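A short worksheet on the structure shown next.
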Amino acid sequence: MTNPSLRSTVLSTSLTVFAPAKINLVLRILDRRPDGYHNLWSLMQSVQLKDELSISLSDKHSSITLQCDDFSLKTDPSNLVYRAAAAVLEHSGRVIGLDLVLAKRIPMGAGLGGGSSDAAATIIGLNQLLNLGWSMKKMAHVGQALGSDVPFFFFAPSAIVEGRGEKVDPVQIKGSRWVVLVNPGFPVETKWAYQQLSISRTEVRPLSEAHAALGKTSALSWESVLHVAENDFETAVFKAHPALYRIKQKLLAEGAEAALLSGSGATVFGVFRDETAARQAQASFQTEPHLKVYAVSTPSDF
């Protein structure tokens, strides 16, 4: 069974997979691990802004080809989609030709997990196309080596993610919300954000009881989640990029129940009760053409 947020349309030798963006409703960066990475604790949520990936089997060659409509994205073996396809072929022992075509809708370097979601979509699509029969756990294990956000997308739409991102526990949030994503038009590099965080904070706060409690309930409410929404990167990233703080304040002024930096940035999002409020907030940014602004819904578990 494929993840409902990564739906695919099957043809005989090709299929199309849709890869959703994610936001971090909570993002805590905890202690540094022996491997040099940080332990994190995050409540992640997918939203209905999606990249589209077409995968075709080729009888004309035995390599991997990748095309993308965003020419700023490299399509060589360093690309996450290419790497994910190569990993699936390696783990499955297959030697076949693949033609991949990626239509980008999710901004890059935006804290929305677009590359990671594309990688997960590649694995899910090839699992189905090649009839591999891999479980979500198996696919997440393959994806884990590609990036810390990749495993989440096999268990979306909502999950608590811990460790380096390899521990994923799906949760249910009752109902749905509309989310306004405001991207400033420039990226924030994750490595830089971690460096700024290390410089700016004097101690690592332990995980709060309120956050820990989110993982102990069978079904969460949006109110309970948004009441404890938090991102450890905000202080450091906002200091370097005051424009992002102004976006957050504007979203709150427009009626967002909560507004937060997503991931390490640069996208800031606001959560709204309904589409009308979200569309009004989206329109309020129209005088700033350098911004990319999206109003999208969250998938509903109920």
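A short reminder: the numbers here are calculations on the coordinates, not readings from a lab. What you see is a predicted model, and the numbers here were worked out from it, not measured in a lab. Glycine gets a Cβ as well: all are built from the backbone with ideal geometry, and neighbour counts include every protein chain shown.
Per-residue ellipticity at 222 nm computed for the chain from its helices equals -8500 deg cm²/dmol, with DSSP H segments shorter than 4 residues left out and the rest contributing -39,500 (n - 2.57). Note on Rg and Dmax of the Cα atoms in Å: of the candidates [x] 19.0, 58; [y] 17.5, 52; [z] 24.2, 90, the value calculated from this structure sits at [x].
Counting only DSSP beta bridges with both residues in segment 159-296, the antiparallel share comes to about 90 percent.
Between segment 154-198 and segment 255-301, the C-alpha centres lie 15 angstrom from each other. For the chain, the longest principal axis of the C-alpha atoms and the axis of helix 190-200 are separated by about 30°. With each label modelled as a point 7 angstrom along the Cα→C-beta vector, the Ala103-Ser63 pair spans 2.7 nm.
Were the residues from Ser56 through Ala145 laid out at 0.36 nm apart, the gain over their Cα-Cα distance would be 29.7 nm. Under the classification rounded if a/c is under 1.5, otherwise prolate if a/b is larger than b/c and oblate if not, where does segment 172-297 fall, given a ≥ b ≥ c as square roots of the Cα gyration tensor eigenvalues? Oblate shape, in that a/c is at least 1.5 and b/c is the bigger or equal ratio.
Of the peptides 166-173, 128-135, the order by per-residue mean of other Cβ atoms within 10 Å, starting with the highest, comes out as 166-173, 128-135. What's the angle, to the nearest 10 degrees (0 to 90), between helix 242-253's Cα axis and the longest principal axis of the chain? Between helix and principal axis, roughly 70 degrees. Once the Cα atoms are used to define both axes, helix 80-92 deviates from the longest principal axis of the chain by about 50 degrees. Of all beta bridges that DSSP places with both ends in the chain, some 85 percent have antiparallel geometry.
Considering only Cα-Cα distances, which of the following residue pairs are longer than 18 Å: Lys191/Lys239; Lys167/Lys216; Lys74/Lys137; Lys50/Lys104?
Cα-Cα > 18 Å for Lys74/Lys137; rest within.
Under the rule a/c < 1.5 gives rounded, and otherwise a/b versus b/c splits prolate from oblate, where does segment 8-170 land using the Cα gyration tensor? It is prolate, given that a/c is not under 1.5 and a/b is the larger ratio.
Go through Ala121, Phe71, Val101 and say which Cα lies farthest out towards the positive end of the charge dipole of segment 71-123; charges sit on Cβ, +1 for Lys and Arg, -1 for Asp and Glu. Farthest along the dipole direction, towards plus: Phe71.
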